[in-house]
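Participant: To start, I am sharing the structure in question, which I have written as structure tokens.
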Amino acid sequence: MKNLVLILFMAIAIQIKAQTDSDKKINQIIDQLSLKEKVYLVIGTGMNFSGISKKENGPQEIVGPTVDIVPGAAGSSYTIIKFDFPAVVFADGPAGIRIDPKRDNQTDQTFYATAFPTASSLASSWDISLMNEVGHAFGKEANAYGIDFLLGPALNIHRNPLGGRNFEYYSEDPVLAGKLTAGFVVGIQAEGIGATVKHFVANNSETNRLQLNTVLSERALREIYLKGFQIAIENSQPWSVMSSYNKINGVYASENEDLLTKILRNEWGFKGFVMTDWGGGNDPVAQMRAGNDLLMPGRKDQAQAIFEAVKSGNLDEHILDRNIKYILKQYYKSISFNKEPRSESPDLEANKIVAKKAATESMVLLKNNKALPINKDTKIALFGNASYETIAGGTGSGDVNKAYMVSIKEGLSNSEFKLDADLISDYENFIIEEKAKIPPKKNFLEKDVLVAEKSLDIEFIKILAKNNDAAIFTLGRTSGEVQDREIEGDYKLTQDEIKTIRYISEEFRSQNKKFIVLLNIGGVIETSSWEQYSDAILLTWLSGQETGNAIADLISGKATPSGKLAVTFPINISDVASYKNFPGKVINPETKPTNPFRGVPAEEIYEEGIYVGYRFFDAFHVDVSYPFGFGLSYTNFEYSDLNVLQEGDDITISCAVKNTGNFVGKEVVQLYVKSALGAIEKPEKELKGFAKTKELKTGESQKIVFKTNINDLGYYDTASHSWKLDAGTYEFIIASDSKTFKLSKEILFEERIIETTETLLSPKVQINELSKK
């Protein structure tokens, strides 16, 4: 025992010395930097996006020539000649590394990246180990291409189904989002690539995002919008964090010292650096003071403003030194600073296996009336444009230049399903003709325009129903940056889409032939108006380049669905708590945007407070189409042997899960806690933990263990600016989804103040927050 203690003490001492030596080295470097050199370490080298590039060349005697090290990467840092600092490369990548696939000087080689499932898809896996595996795959690919920092993952909350970038975000729940993010970050950083957790914070709508003032209470911020970031920071220490475009209670996130220094660093212990989103904020000097260390993509006027502010005494040079220290401590971990060679040849074959696995684990079976799985001898009539033009991911920075895309038609063909050849020909010819009418995008930020669904004659469907054994219809939806989704024709199906679904249903089901609907979508849609026409619904999400192959495995029964919803599917969009105030109101309707990407000044008041997603539907007893955490399987699971053990403040919850069905399968076990009643109202219950079983054979069991702490059960009291625990009974609930409870046990806790915070990020106006009272 004494030897073990001695070894641990020596290891800690070595670590402290190494950190001290590193700090000393960086301090010595900073002392030798001129003011101009310092300025060019806190800004990037300019815009480097396809279609909207603008390089900002700094003083040649200081930074040397600015070049595109990795064409198509989002940005880079300046080199500093004096210390031979190389340029550090930043690349977009919520769903895969986004770089140019071809280069003018290397015409004989391609540089494609793997398109993994989007975040809304991955979240439905509820699998931290899978997120870690995906992170490792991202990291290896980034390393091979010479990328130092991935601009992801993003974990903003799905506050409203119409959020344009919801496909890039994980969930409506901060615990699920935070833990999945941490798993991914640990994986990618283990490969020597820095993760950038974004968009910090409350960037939950795209409309007017650069000039939007988000108005919300301290409690909503702490419990919903900050919580996921806190979990991710404390459990993974990402090398960087990206501040969001929006204002928070009147102050831009990137200029907000309360957010970036007092909460992120002082409360949570963040050790990396903070960068702006591309073009975020308004005042570079205020950004420096706030603790926004790096301005991206970087502009000359920002450099000049910072330089003049220091010279005039308006900005303390020590603040610049502090920011540079945070930046350099992470840069020194990067592959560029360590002069690691890049192969330019990542193992795309290995990564496509990970991509397919992730896609398969993340798809959610929403309905199954003995329609799935189906035999490969079944002859299938494959309907819907998205069956042939299957959507891999969203647009904007979340897009990926991939080598290939396996459509649903191709995936089913690869698995040797029998598909109606005449229908295939009909759809493919139609799509070619209609796509030719769509003008090309001017730049990557523009939303993809999808071909309108093909209208089908009822007589043609009758013939298909007679000649085939089953029908599959795929509905496609996409979204992206800058704009939010629409209700009509996006969240809701068009009348032509509903009519097509109804016609197929009537003709096939009248002959006792099954009709399956696939949802190739990035965000929530309305299902209640057409669900009754289907025998099965499989939510495939935007699942990357291997989507078609993953779907074929699930439809055939080679794999069993194990995904669960990370978001709620409401019956109507008007049922959502934020319906009345999303995506905010323009302050002056007469104002016209000078730049469509910047929008106009607007304000969005989060009047729903903490009642987001299932927290709202539960508390106000609003029926939903599919609840949070829901997902069917081909097999059945039995829960038993609940045990709740408290040791001091630590709580261990365990149970057994047994596969009692006829298929192998995995189950997602969810832990919710219902808090004691108190003076402050709370949600009916909240997710506190989750776990996914291994693949269980028929009759096989697995013990599931959750560990939590009394301090994780509290709420934020705005009046006292503290986290509190009310005295009373707390119910620990084991569930298969937020509506289906399996086991529960109550524990009595005493009242306590968990932590008192500073008064930070308070709204400047009174908010009429939603209340059960």
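The values are calculated or read from the model by the stated rules, or taken from the named source; none is laboratory data. Since the model is a prediction, treat every value here as computed from it, not as a measurement. We place every Cβ from the backbone using ideal geometry, glycine too, and count neighbours over all the protein chains shown. When the accessible area is computed, the model is the full protein with side chains, heavy atoms only, and any ligands, DNA or RNA have been set aside. Shrake-Rupley method; radii C 1.70, N 1.55, O 1.52, S 1.80 Å.
Participant: I'm trying to understand the selection: among the residues of the stretch 691-725, which are acidic (Asp, Glu), open to solvent by 20 Å² or more (accessible area, probe 1.4 Å) and farther than 29 Å from Gly661 by Cβ?
Facilitator: Here is the first cut: in the stretch 691-725, the ones acidic (Asp, Glu) are 695, 700, 712, 717.
Still in the running and open to solvent by 20 Å² or more (accessible area, probe 1.4 Å): 695, 700, 712.
The answer is Asp712, and nothing else.
Participant: A further question on this structure: Inside the stretch 107-166, can you point out the residues that are closer than 25 Å to Ser334 by Cα and polar (S, T, N, Q)?
Facilitator: Matches in the stretch 107-166: Thr110, Thr114, Ser129, Asn132, Asn143.
Participant: Of the numbered conditions (1) over 20 Å from the mean Cα position of the chain (by Cα); (2) closer than 24 Å to Ile128 by Cβ; (3) open to solvent by less than 10 Å² (accessible area, probe 1.4 Å), Trp268 fails exactly one; give the number of that condition.
Facilitator: Exception for Trp268: condition (3).
Participant: Moving on. Within the stretch 231-254, can you find the residues that are in a helix (DSSP H, G or I), open to solvent by less than 40 Å² (accessible area, probe 1.4 Å) and either closer than 27 Å to Lys688 by Cβ or of a type outside the set (Gly, Ala, Ser) (or both)? Give the derivation first.
Facilitator: As a first pass, look at the stretch 231-254 and keep what is in a helix (DSSP H, G or I): 231-236, 253-254.
Adding the requirement that they be open to solvent by less than 40 Å² (accessible area, probe 1.4 Å) leaves 231-233, 236, 253-254.
Residues satisfying the conditions are Ile231, Ala232, Ile233, Ser236.
Participant: Going by what's in this entry, would Phe90 be described as in contact with a Phe, Trp or Tyr (Cβ under 6 Å, 6 or more places away or on another chain), buried (at least 24 other Cβ atoms within 10 Å of the Cβ) and modelled with pLDDT of 95 or more?
Facilitator: Details: in contact with a Phe, Trp or Tyr (Cβ under 6 Å, 6 or more places away or on another chain): yes; buried (at least 24 other Cβ atoms within 10 Å of the Cβ): yes; modelled with pLDDT of 95 or more: yes.
Yes: the conditions hold for Phe90.
Participant: Is it the case that the stretch 303-317 has a residue that's within 27 Å of Arg98 (Cβ to Cβ) and at pLDDT 95 or above?
Facilitator: Checked against the condition, which is being within 27 Å of Arg98 (Cβ to Cβ) and at pLDDT 95 or above, the stretch 303-317 yields at least one hit.
Participant: When residues of the stretch 615-633 are filtered for being open to solvent by 20 Å² or more (accessible area, probe 1.4 Å), assigned to a loop (DSSP other than H, G, I, E, B) and small (Gly, Ala, Ser), how many remain?
Facilitator: Residues that pass the stated criteria total 1.
Participant: Just one of (1) in contact with a strand residue (DSSP E or B) (Cβ under 8 Å, 6 or more places away or on another chain); (2) aliphatic (A, V, I, L, M); (3) surrounded by fewer than 24 Cβ atoms within 10 Å (Cβ to Cβ) trips up Ala305, so point out which.
Facilitator: So the condition that Ala305 fails would be (1).
Participant: Quick one: how many residues across the stretch 361-408 are touching a Gly at 6+ places or on another chain (Cβ under 9 Å) and not aliphatic (A, V, I, L, M)?
Facilitator: To start, the set of residues in the stretch 361-408 that are touching a Gly at 6+ places or on another chain (Cβ under 9 Å) comprises 361-366, 372-375, 384-387, 389-402, 405-408.
Okay, now just the ones that are also not aliphatic (A, V, I, L, M), so 361-362, 373, 375, 384-385, 387, 389-390, 393-399, 401-402, 407.
Looking only at that region, the number is 19.
Participant: Suppose we filter the stretch 371-406 for residues that are touching a strand residue (DSSP E or B) at 6+ places or on another chain (Cβ under 9 Å) and modelled with pLDDT of 95 or more; how many remain?
Facilitator: 17
Participant: Please specify each residue of the stretch 452-472 satisfying the condition of being outside any helix (DSSP H, G or I) and either surrounded by fewer than 20 Cβ atoms within 10 Å (Cβ to Cβ) or not β-branched (Val, Ile, Thr) (or both). Full working, then the answer.
Facilitator: Here is the first cut: in the stretch 452-472, the ones outside any helix (DSSP H, G or I) are 452-457, 468-472.
Listed by number, the residues that qualify are Ala452, Glu453, Lys454, Ser455, Leu456, Asp457, Asn468, Asp469, Ala470, Ala471.
Participant: Looking at the stretch 386-394, can you tell me whether even one residue there is part of a loop (DSSP other than H, G, I, E, B), over 30 Å from Phe184 (Cβ atoms), within 27 Å of the chain's Cα centre (by Cα) and not aliphatic (A, V, I, L, M)?
Facilitator: As a first pass, look at the stretch 386-394 and keep what is part of a loop (DSSP other than H, G, I, E, B): 388-394.
Those still in the list that are over 30 Å from Phe184 (Cβ atoms) too: 388.
Next cut, within 27 Å of the chain's Cα centre (by Cα) only: 388.
Checking which are not aliphatic (A, V, I, L, M) leaves us with 388.
Yes - at least one qualifying residue is present in the stretch 386-394.
Participant: Would a scan of the stretch 161-176 turn up a residue that is at pLDDT 95 or above, open to solvent by less than 10 Å² (accessible area, probe 1.4 Å), part of a strand (DSSP E or B) and among the basic types (Lys, Arg)?
Facilitator: Within the stretch 161-176 (the criterion being at pLDDT 95 or above, open to solvent by less than 10 Å² (accessible area, probe 1.4 Å), part of a strand (DSSP E or B) and among the basic types (Lys, Arg)), the answer is no, since none of the residues qualifies.
Participant: Still on this structure, I have one more. In the stretch 428-446, what residues are open to solvent by 30 Å² or more (accessible area, probe 1.4 Å) and either in a helix (DSSP H, G or I) or among the aliphatic types (A, V, I, L, M) (or both)?
Facilitator: Glu428, Asn429, Phe430, Ile432, Glu433, Glu434, Lys435, Ala436, Ile438
Participant: Specify which of the listed residues (Ile680, Ile747, Ile754) is in a strand (DSSP E or B), open to solvent by 10 Å² or more (accessible area, probe 1.4 Å), β-branched (Val, Ile, Thr) and under 20 Å from Leu226 (Cβ atoms). First the steps, then the outcome.
Facilitator: Details: Ile680 fails: in a strand (DSSP E or B); Ile747 fails: under 20 Å from Leu226 (Cβ atoms).
After applying the criteria, what remains is Ile754.
Participant: Just one of the numbered conditions (1) under 29 Å from the mean Cα position of the chain (by Cα); (2) within 30 Å of Phe663 (Cα to Cα); (3) not hydroxyl-bearing (Ser, Thr, Tyr) is not true of Ile504; which one?
Facilitator: Failing condition for Ile504: (1).
Participant: Do we find that Thr740 is under 30 Å from Phe569 (Cβ atoms), among the polar types (S, T, N, Q) and open to solvent by less than 60 Å² (accessible area, probe 1.4 Å) in this structure? Break it down stepwise before answering.
Facilitator: Values: under 30 Å from Phe569 (Cβ atoms): yes; among the polar types (S, T, N, Q): yes; open to solvent by less than 60 Å² (accessible area, probe 1.4 Å): yes.
Yes, satisfied.
Participant: Follow-up. In the stretch 492-528, what count of residues is obtained for those that are part of a loop (DSSP other than H, G, I, E, B), closer than 23 Å to Lys370 by Cβ and open to solvent by 10 Å² or more (accessible area, probe 1.4 Å)? So that I can check it myself, show each step before the final result.
Facilitator: Filtering the stretch 492-528 down to residues part of a loop (DSSP other than H, G, I, E, B) leaves 492-494, 510-513, 521-528.
Filter once more, so that each one left must be closer than 23 Å to Lys370 by Cβ: 510-513, 527-528.
Keeping just the survivors that are open to solvent by 10 Å² or more (accessible area, probe 1.4 Å) gives 510-513, 528.
Counting residues in the stretch 492-528 that are part of a loop (DSSP other than H, G, I, E, B), closer than 23 Å to Lys370 by Cβ and open to solvent by 10 Å² or more (accessible area, probe 1.4 Å) gives 5.
Participant: Here is a further query. Can you run down the residue pairs with Cβ atoms below 7 Å, 6 or more apart or on separate chains, where the first is in the stretch 352-363 and of a type in the set (A, V, I, L, M) and surrounded by fewer than 24 Cβ atoms within 10 Å (Cβ to Cβ) and the partner is at pLDDT 95 or above and part of a helix (DSSP H, G or I)?
Facilitator: Once the first residue is of a type in the set (A, V, I, L, M) and surrounded by fewer than 24 Cβ atoms within 10 Å (Cβ to Cβ) and sits in the stretch 352-363, its partners that are at pLDDT 95 or above and part of a helix (DSSP H, G or I) give Val354/Glu133; Val354/Val134; Val354/Ala137.
Participant: Answer yes if at least one residue in the stretch 19-30 is assigned to a loop (DSSP other than H, G, I, E, B), of a type outside the set (Phe, Trp, Tyr), open to solvent by 80 Å² or more (accessible area, probe 1.4 Å) and at pLDDT 90 or above, and no otherwise. Give the derivation first.
Facilitator: Taking the stretch 19-30 as the starting set, the residues that turn out to be assigned to a loop (DSSP other than H, G, I, E, B) are none.
No.
Participant: State all residues of the stretch 547-561 that are open to solvent by 10 Å² or more (accessible area, probe 1.4 Å) and either part of a loop (DSSP other than H, G, I, E, B) or free of Cβ contacts under 8 Å to residues at least 24 places away in the same chain (or both); if no residue qualifies, say none. Full working, then the answer.
Facilitator: Just the residues of the stretch 547-561 that are open to solvent by 10 Å² or more (accessible area, probe 1.4 Å), to begin with: 549, 553, 556-560.
Gly557, Lys558, Ala559, Thr560 - these are the residues of the stretch 547-561 that are open to solvent by 10 Å² or more (accessible area, probe 1.4 Å) and either part of a loop (DSSP other than H, G, I, E, B) or free of Cβ contacts under 8 Å to residues at least 24 places away in the same chain (or both).
Participant: If a residue must be free of Cβ contacts under 8 Å to residues at least 60 places away in the same chain and either surrounded by 14 or more Cβ atoms within 10 Å (Cβ to Cβ) or β-branched (Val, Ile, Thr) (or both), how many such residues does the stretch 387-427 contain? Before the answer, list the steps.
Facilitator: Step one: filter the stretch 387-427 for residues free of Cβ contacts under 8 Å to residues at least 60 places away in the same chain, giving 388, 413, 416, 418-427.
Retained after the next criterion (residues that are either surrounded by 14 or more Cβ atoms within 10 Å (Cβ to Cβ) or β-branched (Val, Ile, Thr) (or both)): 388, 413, 418-420, 423-424, 426-427.
So the answer is 9.
Participant: Pull up the stretch 185-205, narrow it to residues that are crowded, with 24+ Cβ neighbours inside 10 Å and out of contact with any Leu (no Cβ under 8 Å at 6 or more places or on another chain), then point me to the one that is farthest from Ala91 (Cα to Cα). Reasoning before the result, please.
Facilitator: At the first step, the residues of the stretch 185-205 found to be crowded, with 24+ Cβ neighbours inside 10 Å are 185, 187-188, 193-205.
From what's left, out of contact with any Leu (no Cβ under 8 Å at 6 or more places or on another chain): 185, 187, 199, 203-204.
Numbers: Val185: 15, Gly187: 17, His199: 15, Asn203: 20, Asn204: 22 Å.
Top of the filtered list is Asn204.
Participant: Can you tell me which residue among Met275, Met288 is under 17 Å from Ser77 (Cα atoms), out of contact with any His (no Cβ under 8 Å at 6 or more places or on another chain) and assigned to a strand (DSSP E or B)? If you could, list the steps in order and put the result at the bottom.
Facilitator: Numbers: Met288 fails: assigned to a strand (DSSP E or B).
So the residue among Met275, Met288 that is under 17 Å from Ser77 (Cα atoms), out of contact with any His (no Cβ under 8 Å at 6 or more places or on another chain) and assigned to a strand (DSSP E or B) is Met275.
Participant: Could you list all residues from the stretch 343-385 that are in a loop (DSSP other than H, G, I, E, B), among the aliphatic types (A, V, I, L, M) and within 26 Å of Lys466 (Cα to Cα)?
Facilitator: Ala371, Leu372, Ile374
Participant: Which condition number in (1) on the phi < 0 side of the Ramachandran plot; (2) open to solvent by 10 Å² or more (accessible area, probe 1.4 Å) is the one that Thr540 fails?
Facilitator: Of everything listed in (1) on the phi < 0 side of the Ramachandran plot; (2) open to solvent by 10 Å² or more (accessible area, probe 1.4 Å), Thr540 misses just condition (2).
Participant: Failed condition for Gly480, given (1) more than 20 Å from Asp623 (Cβ to Cβ); (2) open to solvent by 30 Å² or more (accessible area, probe 1.4 Å), with all others met?
Facilitator: The one condition Gly480 does not meet is (2).
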